[in-house]
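A short worksheet on the structure shown next.
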Amino acid sequence: MTKIYNKDAWNPWTNRSIDIPFGTTEQAVGDGEQKLGAEYGVNPMGQNVSYDLDILGEKWEVKKLDSDNSFRLGVEVSSNYRQIINSAIRILDGIIKIEDSLEYSKTADLIKDCIKKIKSTSGSTKTLLINGLRKNEVSSANLDKADKIIELVKTLVITENKKVNLFSSFDGSKTEYDLLTAYQRLSFETISIEEKLLTLDCDIDFYNKLLLTISIGKDLSIFNEKGLKETLNLLVRSIFTDIKLVLVQEEKGYKPITNLNKIYCNRITSGGPRCKVLD
């Protein structure tokens, strides 16, 4: 059946589907799928296919909008999503763990401010940020907070890799190390902070940045190019590069989305991203 539809706009239900209820009558078929299929004379593909409808030679993935105009993604993003969230959890944990080791400086104040935010609630949510990430229940306010914290600490970690000569406490031999390795080796030495600064040729602010880098640097690399929120946005958009996202709503009809940049992760719930589409 040939039928022209409006892209990135609501297409009202027509007489083709007037006798088909919006709510599903079949297992493993979502609300709106049967009604949308009737508009084009096709049936839902079923649970053994990675998309919902074959419309005009296109693979359509149907998502019902909830009361807040959002929709949830599940197994489609499971593996990559888990990697992103686990990295975010380890970063926030790593920031908290260095609290008692920080030496007074401007950088220390910035890190302590991050720790204060991690340990406090945001907006109307009563769930702490890390707890929410672990439970896969992250409000929009907490997601914003995590994104801002990660963006801040990205500006504080050390990226230079200068060499440092250390002398063995056993035989006095000299060995060259990269900066982070030298810092780690000095952390086991019973010498004053002043001696460590002298050996590393740095000030106390730089020293705190080294401490932060050792704690979170590896996990932070996943967000080098994009922040947490944008990384999640790119993940959810990637699902619809060869499958068309089609929103359905009982009163409005259906809305095929072609501008993927309008799709974004609004919050996290029930084990995965909950998304919205900008008008």
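Measure nothing fancy, just the Cα-based angle from helix 204-220's long axis to the longest principal axis of the chain, in degrees from 0 to 90, nearest 10. The angle comes out near 40 degrees.
Given 25 °C and 0.890 mPa s, compute D for region 154-279 with the Stokes-Einstein relation, Rh being the Kirkwood radius over Cα pairs; round to the nearest whole µm²/s. Translational diffusion coefficient: 131 µm²/s.
From the P(r) of region 79-142, could you give the percentage of C-alpha pairs in the tail past 16 Å? The answer is 50 percent, as a whole percent.
Under the combined filter of DSSP loop state and at most 13 neighbouring Cβ atoms within 10 Å, region 194-259 retains these GluC sites (Glu not before Pro): 225, 251. Neighbour counts of other Cβ atoms within 10 Å put 193, 150 in the fewest-to-most order 193, 150. With neighbours defined as other Cβ atoms within 10 Å of a residue's Cβ, the residues 247, 260, 212 order from fewest to most as 260, 247, 212.
For the set 116/196; 3/262; 135/209; 3/255; 112/148; 7/229, the pairs lying more than 19 angstrom apart at their alpha carbons are 116/196; 3/262; 135/209; 7/229.
Ranked for footprinting exposure by Cβ neighbours inside 10 Å, fewest first, 265, 275 give 275, 265.
Report note on the peptides 232-238, 218-224, 32-38, 98-104: ranked by the mean count of other C-beta atoms within 10 Å, highest first, their order is 32-38, 232-238, 218-224, 98-104. Which ³J(HN,Hα) values in Hz, rounded to whole numbers, follow from the phi angles of region 260-269 under the Karplus curve 6.51 cos²θ - 1.76 cosθ + 1.60, where θ = phi - 60° and Gly and Pro get x? So the Karplus estimates, Gly and Pro as x, are 5, 5, 7, 8, 8, 7, 8, 6, 10, 7 Hz. In order along region 97-107, the phi-based Karplus estimate (6.51 cos²θ - 1.76 cosθ + 1.60, θ = phi - 60°) of 3J(HN,Hα) comes to 5, 8, 3, 6, 9, 6, 9, 4, 5, 4, 5 Hz; Gly and Pro are listed as x. Once the Cα atoms of helix 140-154 and of the chain are each reduced to a long axis, what angle between those two axes, in degrees from 0 to 90 to the nearest 10, is obtained? With rounding to tens, the tilt is 40 degrees. Calculated mean residue ellipticity, 222 nm, the chain: -11500 deg cm²/dmol, from DSSP H runs (n ≥ 4) at -39500 (n - 2.57) each, averaged per residue and rounded to 500. About its Cα centre, region 109-251 has a charge dipole of approximately 420 debye under the convention of +1 per Lys or Arg Cβ and -1 per Asp or Glu Cβ, with nothing else charged. Counted over all Cα-Cα pairs of the chain, pairs farther apart than 29 Å make up 49 percent.
No lab work stands behind these numbers, since they all come straight from the coordinates. Just so it is clear, the model here is predicted, and its values are computed rather than measured. Counting neighbours? That spans all protein chains shown, and the Cβs are built from the backbone with ideal geometry, glycine included.
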